[in-house]
Each structure stands twice: as structure tokens, then as C-alpha cells.
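The values are calculated or read from the model by the stated rules, or taken from the named source; none is laboratory data. Values in this document were obtained by computation on a predicted structure and should not be read as measured data. Cβ sites come from the backbone with ideal geometry, for glycine too, and all protein chains shown count toward neighbours. Calculation scope for accessible area: heavy atoms of the full protein, side chains included, ligands and nucleic acids excluded. Shrake-Rupley method; radii C 1.70, N 1.55, O 1.52, S 1.80 Å.
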Amino acid sequence: MQHSILPIPLRVVLLILTLVVSLAGCRSSGDRERDELATWVMGAVQATESFRQAVETSVAGTVEVERQRLSEAVPTPEPRVAGLTNVTPTAPATATAAPTATAPAPTPFDARGYAAAAAWGTQGAEAQPLGNPRAIAVGADGDLFVLDEQHGRILRLREGQMTVFFERELFFPTALAVDVEGRLYVLEAVGAIKVISPSGLFSVVLTTEGCGAMETQYLVDLALGVDDTLLVADAGNQRVLKLARNGECLKTWGERGRGGGEFGYPSGIAVDNQGNIHVVDFEHLRVQKFDFDGRLLEVRGQPGRGETDLFGVTDIAIDPQGNIYLIDTLLHRVQKFDSNFSLVTSWWTYAPGAEQAANDHEAMVVGPDGRVYVTESNARYRARDDANPDTAPVARILVFEPHSVI
């Protein structure tokens, strides 16, 4: 598998080196987890190692300082909801099937309205059909698609069975989206969107070349607009791309900064049923709301560890009623807000004190039945120099069911 990547212009290299030197003096020696997540968000990949490391260094210092400041100022909230308990995944049903579902021991619904329902995937030292779940998407028919970054393929969960849906050449895929007709859109970090037919056949490759700045593009998330457009979060250039379904670049907006319409690290993007575009800024701990044409409507959220605060939010999902869901991979929780960004509920993605506390919960989606699906992986933890070599790999999709009152 061979791919060519455009070299980084000298002026970009010099700019990055300048940032590295300036940031070196302000990097905190604080919390390892925050530093590691800042490293993780840039998604190191061998084929683009020099580019990834350079951009990563510039982002990591700013994120580390901000997280350290917040951790010293705001206490960690007490858990309100038990997460997964006694979840023991089973082996695949057949040799060709990916992981089968295993429901945990019954967990009563509580006043906050959500409870763990199942864990799809594998956990343990045995064979791992599911590698590192990087992204998930759900179709109108309820089919769940999982992007397995480790194995470079897409799995489909249908009627209790997870099987391989697409297994062809994918180059550093980062996000998924599925339209009402069942077509799957696979975002690749360095400037491509691959379209796969509902039958799992490769259809077409779209490129973001028309939006410019290809040398520094680092595309991390994808959403479908109500006007048959594609919305892409470009973390490398701190901007949003709006493309037609044929790949034509219609509009871009955003630049690096803390002002309205500016971004630090746009990590997640979603579109509500009114066509408004919501963008999560992982670095600046906020969500910005734009209209369908990119005009800023509102800046939402405040930094902190409180119940309504944003601390380590990496992804966003919106249900048909306009409720907004955020996944916080540092605090291991899901927050649900209404369309006015008033908190509805929140819950932990793991049982407090359990081993899952070391795992990452990075991507999420809400199904047509109201179920919330969250990815879980300990790949980053196992890659640490001081990690226990006997630590079993974990790669799962967690399922949370809503109570009828929510």
C-alpha cells in the first residue's frame, strides 16, 4: 500500500519550530493523562510522522496548560450514575463474524434516565476481531457502522451480529457518516472522502483539494448537511469545510484563535434538524453554533469539571428532537443538553473505580431509537512506556438505553 503526501512548505516548518520553542518553556509537568490525550488527538501515523509530530507539539502545550489550570481550580464531581457493571463479552458466533453482543447484568434505570444496556465487542487477551474503534455512525434503519482503525476496515452491527462490511484500502480513516439512502462516507485525515454503496461496494473518492491548504489539512470529523452537503472539521487548519456531494468546495470558515468563529482544535461536528452546524473545540472547551452558511449564531459552554462544564469533550451528536450529546473522554461521561444548551442529564461511561477508568471514550452517536453508542478502547494506555505488558486489550462499543421518561 503506497501513498504520497505533499511535503510541508519550509515556512510551515519554521513556524512550527518557533511554536515548539515558545511552548517548551510553558509546558506543565502536571497530569499525564491530559498530556497523553493532547498527543492522542493528533493521531500519530507512521506515513505522516513528521507532519503529525510537528502539529502535535504546537497543540499539546496549549492544551496541557489549560487543563492544568482547570484541574487546580475545580474539584472533580461526584458520580451520579453507575455505568457498566459485570459486562463480559463473548466470543464471535462464527469464524467470519466480528464480536457478538453481551448484555451486562441487569442495571436498574435511575432518576437520570440512562443505564448500560450492552457492550458490543471484545475484552481480553483472546483474538480481537475489533481493533481500535475510531468512529461510529448509525443509519436510519438502525444499522451501526464501526470504523476499526487498527485493522483498516468497517464493521456493521445488525440484528445482534457484528460483521465485516467493508475491507479495502483505507488510508488513515478518522470519521464516518451514513445518509438516508444507506451510503457510507469515510473521511481520511489527509484530504479524501470515500463513498461506499449500501451493499458495501466502493463507489467514488472525493477530495478536499478545492478547499486549499492541502499540505496542512488534518481532517478529523464529518457530518451530513440538510442541504445535501458534507461538513468537515479540519483540525490542521482550524476551520470547517463545506462541500457538495460531488466534492466541490462550497465554503470554508474559521482560523486559529479564541474569538467567535475561530478554533483551537475542532474535534467534532454535527448538524441539527434545522440545518445548524455545531462544532466542538477540544482545545478551547466550547461548542460553537453556526447556521447552514457558516454564520456564527452562538458560543456555548464554559471550561471546568462541573456538571454543566466542558473539560475533555471530543465528539458531539444531535438527536431528531435537537438534544445535544457530548462525550468527555477525560471525565468519562456523557452530557445531554437540550437545544438551548440547558443540561438534561449526564452519566458516567464506566462503573466508578472499575478498570474502565483507564480507557478512552472518544466517539459517540445517537440511534433512531434513542440509544446512545460510545466507543471504548485502551489502545492509548497500552502504548504507554510504563503500561503493564500483560494488560489485556479492550475495544468495545458501549450501549446506553434511555428510560421512557427522558
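Under a 1.4 angstrom probe, counting protein chains only, how are Lys194, Lys251 ranked by accessible area, largest first? Kindly include the intermediate steps, with their values, before the conclusion.
Numbers: Lys194 20, Lys251 70 Å².
Ranking Lys194, Lys251 by accessible area, largest first, yields Lys251, Lys194.
For segment 279-388, how big is Rg over Rh, using alpha carbon atoms and the Kirkwood form of Rh? Working shown, then result.
On the way: Rg = 14.9 Å, Rh = 14.9 Å.
Rounded to two decimals, Rg over Rh is 1.00.
For segment 109-232, what % of the accessible area comes from carbon and sulfur atoms, probe 1.4 Å?
Values: 2170 of 4450 Å².
In segment 109-232, the share of accessible area belonging to carbon and sulfur is 49 percent.
Return the loop-located trypsin sites (Lys or Arg not before Pro) in segment 138-170 (DSSP other than H, G, I, E, B) with at most 13 other Cβ atoms within 10 Å of their own Cβ; answer none if there are none. Intermediate results must be reported in sequence, preceding the final value.
Working: sites: Arg153, Arg156, Arg158, Arg168; in loops: Arg168.
Filter output for segment 138-170: Arg168.
Rounded to whole Å, give me the distance from the Cα center of segment 273-320 to that of segment 138-182.
Here the answer is 25 Å between Cα centres.
For segment 201-288, count all C-alpha to C-alpha pairs, find those more than 18 Å apart, and express that count as a whole percent of the total. All intermediate terms of the calculation are to be shown ahead of the outcome.
Working: 1538 of 3828 pairs.
Counting every Cα pair in segment 201-288, those more than 18 Å apart make up 40 percent.
If I take every Cα pair under 8 Å that is 6 or more residues apart in segment 256-339, average their sequence separation and divide by the length, what percent do I get for the relative contact order? Mind dumping the intermediate values first?
Details: 192 pairs, mean separation 17.5, N = 84.
Contact order relative to length: 21 percent.
Rounded to the nearest 10 Å², what accessible area does Glu376 have for a 1.4 Å probe in the complete protein model?
For Glu376, solvent-accessible area is about 0 Å².
Among Lys251/Lys289; Lys251/Lys336; Lys194/Lys289, which pairs are too far apart, with a Cα-Cα distance over 19 Å?
Details: Lys251/Lys289 16 Å; Lys251/Lys336 30 Å; Lys194/Lys289 27 Å.
Over 19 Å apart, Cα to Cα: Lys251/Lys336; Lys194/Lys289.
Please name which of Phe166, Ile193, Leu206 has its Cα lying farthest along the dipole of segment 151-228 towards the positive end, using unit charges on Cβ (Lys, Arg +1; Asp, Glu -1) and the Cα centre as origin.
Value: Phe166.
Treating the beta-carbon of each Lys and Arg as +1 and of each Asp and Glu as -1, no other charges, what is the dipole magnitude of segment 248-406 about its Cα centre, to the nearest 20 debye? Each step should come with its number before you reach the end.
Details: 15 positive and 24 negative charges, 32 e Å.
Computed about the Cα centre, the dipole is about 160 debye.
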